[in-house]
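Asker: One structure coming up, written as C-alpha cells, with questions to follow.
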Amino acid sequence: MSCTMRYILGFLFVLSTEIVLSQTPAVSHKQLLTFEEYLGYVKQHHPLVKQANLTLSVGEANLLKARGGFDPKIEVDYDRKKFKSIEYFDQLNATFKIPTWYGIEFKANFEENTGQFLNPNLSVPEGGLYSAGVSFSLAQGFLINDRMAMLKKAKLFREQSKADRNILVNELLFEASKAYFLWLEATNEQYIYERFLQNANDRLIGVKSSVESGEKAAIDSVEAKIVVLDRQLNHEAAKLKRRKAALNLSNYLWLNDIPIELRENVAPETPEDTELQSVLSVDGITTNSTVISNHPKLKSLEYKIEGLSVDRSLKRNKLLPKIGLQYNFLSSDYDQINTFNTDNYKASLNISLPIFLRKERGDLKLVNLKLKDANFERISTELSLQNKVAAVRVEISSLTKQNILVRSMVNDYTSLVKAEERKFFLGESSLFLINTREKSLINSQLKENKLTVKRLTANARLFHAMGTMLTDTIQ
C-alpha cells in the first residue's frame, strides 16, 4: 500500500472515530419519554395514587359519622299489656330531640297512657299530654362532651388524611423518579458501549487492511478482535441492565388501571436542571424553614397532637361531676302556645360523681403521656428533616462540581484518543496504547453518566425530603 493510500485510509478512519466519539445518546429513531411526561402518567394513573386518595374519602366518612351525633332524632316507645280481656296498660311516648353544640338538647314530647293498672304518675289528660323543654349538663359535658370531641377529632382527622395522602404520594413519586433515573443510566451506558463497539469494529477493519497490505503484524488484528469481543460483551451486559431497568420502570406506568410495558424503541431524556426542579417543585426554594414547617409529615403530626389535645380536654372534663338538668313545659293543647307556661312543668336534676375518680385520672394520665410522646416525635422529625434537606443540598452542590470536573476529564481523554489514533496510523503508536487510552475514555464517560444520574437522584431526594406540595395537583 502506498504512503498516499495509507494516509487517506488513516484520515478516513480517524474522521469516523471522531464522529463516533462525538455522538450524543439521542438516537433519531427512538421515541423519547421525558421525565415530565413520565411523572404525569404516574400521578394520573398509578393505583397507589388512587389508593392514597382513598384516605381522603375515609376522612370525609369519619367526619360525616361524627356530625351524625348532632342529627335530630325521633323516638317512639309503645308498650301495651292485655290479658283475659283486661287492658292492663297502653302507653305511647313519642319524642323529637335536637342536640346542639354545648351539651344542650331541645326536646318535644307527646304522651298518651291508658289502662286499668296504669301507674298513677303516668296518668295524662284525655287526648294526651304535650311537653316542650330543654336538657343540659351544668358541669361535665357542658364545654366539651363526647359528641363535640368526636366532631373536632373528625375534622382534624380529615386534614391529617390529606397530609398522610401527600406522604404516600411523595414516597411513590420519589421511588418512580429513582426508577426513571436508573433507566436513564442504563440506557446511556448501552449507548456508550454501542459507540465504542462501532469504533472497535471500524478499527478492526482498518487493522485487517493494514495486515493484508503488510503494514501491520498479524498479531495486531488479534488484539483488535479481542477488543471488539470485549466491547460486545460489555454491550450485551448493558442491554440486559437497560431491559431490567425498563421493566422496573414499567411498575410505575399505568393507563386506565392497565399496566403498560415500555417498548424497545422508547428512550429516556436527560432533563435540564431548570426542567427537573420545575417538575419536582423545588425551583426557587432557598430556605428550609418555610418548607419544613409545611412538610406533610410534620402537618400529620401536628393534627395528631391537636387530636390528642381534644382528648385531653375531654378527659379533664370527665373529672367534673355530672349535673344533668331537665325542664319541660306541659300542655294538653299543643296548638295553643300560651298554654305552655311555668305553672305546668316537669323538671328533674341528676348529680353523680365517683369518689376516687381513678378511671378518669388514669385516662387523663394516659392521654398526657401520648401527647408528650407525639410532641417529642414532632421535634425529632423536624430536626431530622432539616438535617436531611441540608445534607441533600450539600450533596447536590458537590455533585454539580464533580460533574464539571468529569466533563472536563472526558474532553481531555477524547483528545488523547484522537491523537493516539492519528499517531497509530502514522506508525508512531501501537494498538495497545490506543486501547489503553480508549479504556480510560470509556471509564470516564461511564463515571460521568453515573455522576449525572446521582445528581438527578439527589434532586429527587431533595423533593422527597422537603415534601413539596407537588401532590396538590393530584386529583
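The values are calculated or read from the model by the stated rules, or taken from the named source; none is laboratory data. Just so it is clear, the model here is predicted, and its values are computed rather than measured. Cβ coordinates were reconstructed from backbone atoms using ideal geometry, including for glycine residues, and neighbour counts include every protein chain displayed. Quick note on the areas: whole protein, heavy atoms, side chains included, nothing else; ligands and nucleic acids left out. Shrake-Rupley method; radii C 1.70, N 1.55, O 1.52, S 1.80 Å.
Asker: Relative to the longest principal axis of the chain, what angle (0 to 90°, nearest 10) does the C-alpha long axis of helix 35-45 take?
Answerer: 30 degrees
Asker: To continue, here is another question. Which percentage, to the nearest 5, of the DSSP beta bridges contained in the chain is antiparallel?
Answerer: Values: 47 of 50 bridges.
Of those bridges, close to 95 percent are antiparallel.
Asker: Rounded, prolate or oblate, given the Cα gyration tensor of segment 95-134, with a/c below 1.5 counting as rounded? Display every interim value, and only then the final one.
Answerer: Values: a/c = 4.09, a/b = 2.86, b/c = 1.43.
Prolate, since a/c reaches 1.5 and a/b exceeds b/c.
Asker: With just the Cα atoms defining each centre, how far is segment 384-428 from segment 95-134? Give it in Å.
Answerer: 88 Å
Asker: Report the one residue of T187, L151, L204 whose Cα lies farthest in the direction of the positive end of the charge dipole of segment 147-211 (charges on C-beta: Lys and Arg +1, Asp and Glu -1; origin at the Cα centre).
Answerer: L151
Asker: Given a Förster radius of 45 Å and the C-beta distance between L143 and D343 as r, what FRET efficiency does 1/(1 + (r/R0)^6) yield to the nearest 0.05? Before the final figure, lay out the partial values.
Answerer: Numbers: r = 33 Å, r/R0 = 0.74.
Computed FRET efficiency for L143 and D343: 0.85.
Asker: Based on the alpha carbon coordinates of the chain, what radius of gyration and maximum Cα-Cα distance (Dmax) apply, in Å?
Answerer: 40.0, 138
Asker: Something else about it: For the Cα atoms of the chain, what angle does the longest principal axis make with the long axis of helix 146-212, in degrees from 0 to 90, nearest 10?
Answerer: 10 degrees
Asker: Here's another thing I want to ask about it. Please work out the Cα center distance from segment 174-196 to segment 304-373, rounded to the nearest Å.
Answerer: Cα centres, segment 174-196 to segment 304-373: 66 Å.
Asker: Of the accessible area of the chain, with the probe set at 1.4 angstrom, what percent is carbon plus sulfur?
Answerer: 56 percent
Asker: For segment 324-475, what class follows from the C-alpha gyration tensor (a ≥ b ≥ c being the square roots of its eigenvalues): rounded when a/c is under 1.5, otherwise prolate if a/b is larger than b/c, else oblate? Spell out each step's value before the answer.
Answerer: Numbers: a/c = 8.35, a/b = 3.87, b/c = 2.16.
Prolate.
Asker: Rounded, prolate or oblate for segment 200-287? Axes are the square roots of the Cα gyration tensor eigenvalues, ordered a ≥ b ≥ c, and the cut-off for rounded is a/c under 1.5.
Answerer: Numbers: a/c = 4.57, a/b = 2.28, b/c = 2.01.
Verdict is prolate for segment 200-287.
Asker: Sort largest first and round to whole Å: the equivalent ellipsoid semi-axes of segment 392-475, each the square root of five times a Cα gyration tensor eigenvalue.
Answerer: Details: eigenvalues 346, 25, 13 Å².
The three semi-axes for segment 392-475 are 42, 11, 8 Å.
Asker: Any of K97/K365; K418/K439; K152/K299; K81/K107; K153/K297; K304/K454 with alpha carbons more than 25 Å apart? Name them for me. Provide the component values of the computation, followed by the final result.
Answerer: Values: K97/K365 35 Å; K418/K439 13 Å; K152/K299 17 Å; K81/K107 27 Å; K153/K297 18 Å; K304/K454 36 Å.
In this structure, K97/K365; K81/K107; K304/K454 lie more than 25 Å apart at Cα.
Asker: Now, a different point. If the label point is 7 Å along Cα→Cβ of E215, which residues in segment 419-456 have backbone nitrogen under 18 Å from it?
Answerer: 419-435
Asker: On to the next question. Using θ = phi - 60° and the Karplus relation 6.51 cos²θ - 1.76 cosθ + 1.60, list the HN-Hα couplings for segment 232-237 in order, rounded to whole Hz, with x at every Gly or Pro.
Answerer: 5, 5, 5, 5, 5, 5
Asker: Normalising by the residue count of segment 70-120, find the relative contact order in percent from Cα pairs under 8 Å and 6+ residues apart. Write down the numbers at each step before the final one.
Answerer: Details: 96 pairs, mean separation 18.2, N = 51.
That works out to 36 percent.
Asker: Could you estimate the translational diffusion coefficient of segment 174-216 from the Stokes-Einstein equation, with Rh from the Kirkwood formula over C-alpha pairs, at 4 °C and 1.567 mPa s, in whole µm²/s? Numbers along the way, then the final one.
Answerer: Details: Rh = 12.7 Å.
Rounded, D is 102 µm²/s.
Asker: Could you work out how much longer the chain between Y41 and N93 gets when fully extended? Use 0.36 nm per residue separation minus the Cα distance between them, nm to one decimal. Each step should come with its number before you reach the end.
Answerer: Working: separation 52, 0.36 × 52 = 18.72 nm, distance 6.10 nm.
Separation in residues times 0.36 nm, less the Cα-Cα distance, equals 12.6 nm.
Asker: Moving on. For helix 296-317, report the angle its Cα long axis makes with the longest principal axis of the Cα atoms of the chain; keep it between 0 and 90° and round to the nearest 10°.
Answerer: 20 degrees
Asker: Could you list which residues have their amide H under 5 Å from that of I104, counting only those 5 or more apart in sequence or on another chain, with H placed in the peptide plane?
Answerer: Result for I104 returns nothing.
Asker: Related question: Measure off 7 Å from each Cα along the Cα-to-Cβ vector at L247 and K30, then give the distance between these two points in nanometres to one decimal.
Answerer: Going by the 7 Å Cα→Cβ label model, 2.1 nm.
Asker: Along segment 54-65, what does the Karplus equation 6.51 cos²θ - 1.76 cosθ + 1.60 (θ = phi - 60°) give for ³J(HN,Hα), rounded to whole Hz, x for Gly and Pro?
Answerer: Once θ is set to phi - 60°, the couplings for segment 54-65 become 5, 4, 5, 5, 5, x, 5, 5, 5, 5, 4, 4 Hz.
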